[in-house]
Every structure is written in structure tokens, then in C-alpha cells.
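Notes follow the structure.
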Amino acid sequence: MSVSLDGFVCGPNGEIDWIFKTGDDSSMAWVLNTISQAGLHIMGSRTFHDMAAWWPFSTEPFAAPMNDIPKVVFTKKGLDKSASTMALKNASEMKAKMGLKDAPDAAEKMASWTNAQVATGDLTEEINKLKQQPGKDILAHGGAGFAQSLIQAGVVDEYHLPIHPVALGKGMPIFAGLSKPINLTLISTTAFKTGIVANVYRPA
């Protein structure tokens, strides 16, 4: 997840436009490589709906791994098709500015979203079941609330955090509500020309 210099993953209303403004080709390639290495994408229901409304219709490089890799959506209340966040608004505006057109085979690419597995049970139990299955890494997407729940449950094995050179002043952190500090070990760090520094941590 992208993080601002002062520790927020989005603005107070879910704004993520600052991620696009501070990114460059090399930092985006780092994120694309991270996403492509996953064997399973997991996310909360609101993020799921936003991504399902975006990636099947996108021709961006991120679209292929986002559409091809299986998904599990975590929700206690079932999927609400009307759910939306500021993230979708920001992405739609950016797409319009870039003059991007919808993918011609969007209907086919929608299959992995309509066939996504839905997890409604205890978060820790559901995650542990997924970890026991064979395959590549499980990659968790935001939003902030879902990330907080994973962190508080102690089920995160590795953090991939591109830190952007912007201070938001206020917003939504992912490390809020911890019952005790989490000590982390820095595994790698990659600096990009726009000032983004991508750090990878594991719990010590």
C-alpha cells in the first residue's frame, strides 16, 4: 500500500490522487512486479467493487494481473453492488485525463471478478485457511479499514510500502488501533527519482 510521508494511505475521504501525482514509470513498474507475483488477491468489499468497476475495462499494464489472478473478497454483510469510494472517482478522473479507452474484451475479463470467492467467517481463521493452500503469495489490497483488521489480527507476514514524498496532514492510517507496538525488520529499500522510497518489512 502506498503511504504518505506522515503515515496515511489515503485522505480523510479516501482520496488517493496524490499517489498518481508522485508516481513515475519506475515506481509503477515496482508495484506492477509486486502485484504480478501474487497467486491470490484479497480485499474488502468496497475495494472489490471499485476494482471490479475499473480493471476489466482498463488497458493499463496493471489490468492483466488484476484481472487474471484469483480473488477473495472479505465481507460480513455480503456484496453490496452500490458500494463506492473516492478511489474510484480519482481513478475515473485520471483515466479521462489520460484519454484511455475501455478494453475491447471487458466482458471476458470480468469473469474473475464475478467468480470471486467470498469470505464471511472469522478473519484470522479465513486467512489461515488461505495460507494453508498451495500457491504463490497472498497479496492484500486496501482500503485502510481492511488493512487495519489484518494488521491487528497479526496475519501479515510482509509489508510492501511505497512511501510518497507528500504530507497529507490528515487521513486514514493502517497502523491505528494496535494493542501493542509491532517491531519490523527492513528487508529491502528501493528509491525512485520522484522521491518515492519503497520499503519491504517483515515482523521481527
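The values are calculated or read from the model by the stated rules, or taken from the named source; none is laboratory data. Please read all numbers here as calculations on a predicted model, not as lab measurements. Neighbour counts run over all protein chains shown; Cβ positions are idealised from the backbone, glycine included.
All told, D80 falls short of being modelled with pLDDT of 95 or more and surrounded by fewer than 16 Cβ atoms within 10 Å (Cβ to Cβ). Applying the condition of being over 25 Å from D50 (Cα atoms) and in contact with a helix residue (DSSP H, G or I) (Cβ under 7 Å, 6 or more places away or on another chain) to region 128-181 and asking which residue is surrounded by the most Cβ atoms within 10 Å (Cβ to Cβ) yields P165. So A140 fits all but one of (1) more than 15 Å from the chain's Cα centre (by Cα); (2) within 16 Å of V9 (Cα to Cα); (3) at pLDDT 95 or above; what number is the exception? Looking at each condition in turn, A140 falls short on (1). Within region 143-163, residues that are modelled with pLDDT of 95 or more have Cβ atoms under 7 Å from residues that are charged (D, E, K, R) in these pairs: D157/R202; E158/R202, counting only partners at least 6 apart in sequence or on another chain. Restricting region 32-51 to residues that are surrounded by fewer than 21 Cβ atoms within 10 Å (Cβ to Cβ) and more than 16 Å from A63 (Cβ to Cβ) leaves a set whose member that is modelled with the lowest pLDDT is S45. Look at (1) loosely packed, with under 13 Cβ neighbours inside 10 Å; (2) at pLDDT 95 or above; (3) more than 23 Å from G39 (Cβ to Cβ); (4) in contact with a strand residue (DSSP E or B) (Cβ under 6 Å, 6 or more places away or on another chain) and you find that S188 fails only one, number (3).
Okay, residues lined up against (1) outside any loop (DSSP other than H, G, I, E, B); (2) within 16 Å of the chain's Cα centre (by Cα):
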| site | (1), (2) |
| --- | --- |
| D6 | no, no |
| G14 | no, yes |
| I19 | yes, yes |
| S27 | yes, yes |
| I35 | yes, yes |
| G39 | yes, yes |
| I42 | yes, yes |
| T47 | yes, yes |
| M51 | yes, yes |
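Restricting to region 116-133, what's the tally of residues that are under 11 Å from K71 (Cβ atoms) and either over 19 Å from the mean Cα position of the chain (by Cα) or not in a loop (DSSP other than H, G, I, E, B) (or both)?
Number satisfying all stated conditions: 3.
If you check S26, S45, S4 for being among the hydroxyl-bearing types (S, T, Y), closer than 25 Å to P173 by Cβ and in contact with a Lys or Arg (Cβ under 9 Å, 6 or more places away or on another chain), only one passes: S45.
Restricting attention to region 59-69, the residues being assigned to a loop (DSSP other than H, G, I, E, B) and more than 13 Å from L32 (Cβ to Cβ) number 1.
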